[in-house]
Amino acid sequence: MKDKINNVVHGGRSRLFELVRNLRIDQLNPFSRSSASADPYAVHRLEDQMLARDFAVDADAAAISQEPLRARKAIKTVGIAMGVFLVWAMFAEVDEITKGDGKVIPSRQLQVVQSLDGGIVSEIMTKEGDKVKEGQILMRIDATRFMSSFRESRATYLSLLAKAARLRAVADGVDFVPPPEVVAEDPKLVEAERSVYSNRKAELDGQIGIAKEQLSQRTHELGEARARFAKHLQLRMDGTADARKLKSLLLPFVPGTAQVRIRYRNSDAECELVLGENFRVRLDDLLIEALRGWLQPENVEIIY
């Protein structure tokens, strides 16, 4: 920059000195009578020309001193970079990447992937960057909550197991035998279930006794109603029936009020026999059941 300014200033000075040397004294004298001094304003014009040249020199120096050198360097750098980029764009291979929104649709029902049981981590046995093997323990979870839940579930299981054994014993009418694991883990539960079994068995025995008494009473009433309202006992027999078998079944219930009639039928004939007064029977349930078991239920009928 300084060299350019010095060159401009020296060039202006040299041109000014050359102009002054070329001028003659008589040209500068306004009172000279020579033909060259005919113009009285020549001196003023010369001064104007010198001032104009000095202004031009100063203007060139100021323009040179105000040139934006950094901007030029930046422009040159950008131009070089653009040229390098164009050359690179002509020969380089660029991978094209396209972005878009997508949605994954599973072929089966959605399943939530999560831990089976959560908890508090009590110990971490690995650190970041470690290589682990299959089956290796990575961390331990505090078992306090799990053990509490396990003991509660175990107590419920033993209680239900003992209760099932007690109910099975009551239903089958046998003695209560508690499961061995209940006896080993919770003896108090066994005693409680045994007490419940004894009380329930006594209650059921009492109910069964009352029911038997009621049944006996109803059976007696039914027998009395049969004896009062039944006309006769109708039996259907064929040629394969045994008369002695019939007699052995009727005799325990003689004497009675119901007449016995037998409708006998074989391959040759069919008739109805009426037994005499000595064979009137009591229409007891035992007799009816015995006859139906021998002759089939449809062949024994009470006629009212």
Open item on the list: Of the residues 280, 292, only one is in contact with a strand residue (DSSP E or B) (Cβ under 8 Å, 6 or more places away or on another chain) and open to solvent by less than 70 Å² (accessible area, probe 1.4 Å); which?
Closed with: 280
TODO: Determine whether residue 65 is among the polar types (S, T, N, Q), open to solvent by less than 100 Å² (accessible area, probe 1.4 Å) and at pLDDT below 80.
DONE: yes
TODO: Name every residue in the range 171-191 that is surrounded by 10 or more Cβ atoms within 10 Å (Cβ to Cβ) and either among the charged types (D, E, K, R) or touching a residue at least 12 places away in the same chain (Cβ under 8 Å) (or both), in order of residue number.
DONE: 176, 177, 178, 179, 181, 182, 185, 186, 189, 190, 191
Task: Selection count, the range 131-147, where residues are of a type outside the set (A, V, I, L, M, F, W, C) and either touching a Gly at 6+ places or on another chain (Cβ under 8 Å) or open to solvent by less than 70 Å² (accessible area, probe 1.4 Å) (or both) - done: 2
Open item on the list: Just to confirm my filter: which strands (runs of 3 or more DSSP E) fall fully inside the range 195-304 and include at least 2 residues that are free of Cβ contacts under 8 Å to residues at least 12 places away in the same chain and out of contact with any His (no Cβ under 8 Å at 6 or more places or on another chain)?
Closed with: 270-274
Task: Members of the range 203-235 found to be open to solvent by less than 90 Å² (accessible area, probe 1.4 Å) and polar (S, T, N, Q), listed by number - done: 216, 219, 234
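The values are calculated or read from the model by the stated rules, or taken from the named source; none is laboratory data. From a predicted model like this one, the values you see are computed outputs, not experimental measurements. Every residue, glycine as well, gets a Cβ built from its backbone with ideal geometry; the counts of neighbours run over all protein chains shown. In case anyone asks, the SASA skips ligands and DNA or RNA and just uses the protein heavy atoms, side chains included. Shrake-Rupley method; radii C 1.70, N 1.55, O 1.52, S 1.80 Å.
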